[in-house]
Amino acid sequence: MTHALKVWPEFFNDLKDGKKTFELRKHDRPFKEGDKLLLQEFDNESQSYTGDELHFYISYLLKDCPKFGLKPGFVILGLKEIE
């Protein structure tokens with residue numbers, strides 16, 4: 001399954017540079033390890049897509065872990081770039 005997600009420029013650039021290897025998201029989709037992510041840069045001020053995209057696999061999924069500060073209803077996705 002492929003999930004298309006908006007990413008604000010300041011976070012998109014860190015993903016693009018390889019500094020950021022995860023996404024913190026609402027768990028409002030059926031995310032699973034091995035799923036693909038299409039991350040699309042979205043300018044929140046102009047409310048428009050920039051046209052820049054990145055492609056990742058979900059390599060790890062952390063959910064239902066409030067004892068470590070992850071609120072219910074949220075998930076951390078470990079990312080591996082698709083080359």
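A few remarks follow.
- Cα gyration tensor category, rounded, prolate or oblate, for region 34-80 with a/c compared to 1.5: oblate
- Straight-line reach from K80: taking Cα to Cα under 21 Å and skipping same-chain neighbours fewer than 8 places apart, the lysines in range are K6, K16, K19, K20, K26, K32, K36, K63.
- With every protein chain in place, the chain: carbon and sulfur % of accessible area (1.4 Å): 51
- Put a dot 7 Å past the Cα of D14, heading toward its Cβ, do the same for L38, and the two dots end up 2.5 nm apart.
- If you run the Gaussian network model on the chain, springs between alpha carbon atoms under 10 Å, then out of L15, L37, L24 the most flexible one is L24.
- For the chain, adding -39500 (n - 2.57) for each run of n ≥ 4 DSSP H residues and dividing by the number of residues yields -3000 deg cm²/dmol at 222 nm.
- GNM on the chain, alpha-carbon springs under 10 angstrom: the most fluctuating residue among L70, L38, L54 is L70.
- Of the two radii for the chain, the radius of gyration is 0.97 times the Kirkwood radius, both from the alpha carbons; that is the Rg over Rh value.
- Relative contact order [Cα under 8 Å, 6+ residues apart], the chain, whole percent: 32
- If you run the Gaussian network model on the chain, springs between alpha carbon atoms under 10 Å, then out of F68, F42, F22 the most flexible one is F68.
- Where the chain is the region considered: accessible area per residue in Å², 1.4 Å probe: 69
The values are calculated or read from the model by the stated rules, or taken from the named source; none is laboratory data. Small disclaimer: the values here were computed from a predicted structure and weren't measured. Glycine also receives a Cβ, built like all others from the backbone with ideal geometry; neighbour counts cover every protein chain displayed. Keep in mind that these areas ignore ligands, DNA and RNA; they rest on the heavy atoms of the full protein, side chains included. Shrake-Rupley method; radii C 1.70, N 1.55, O 1.52, S 1.80 Å.
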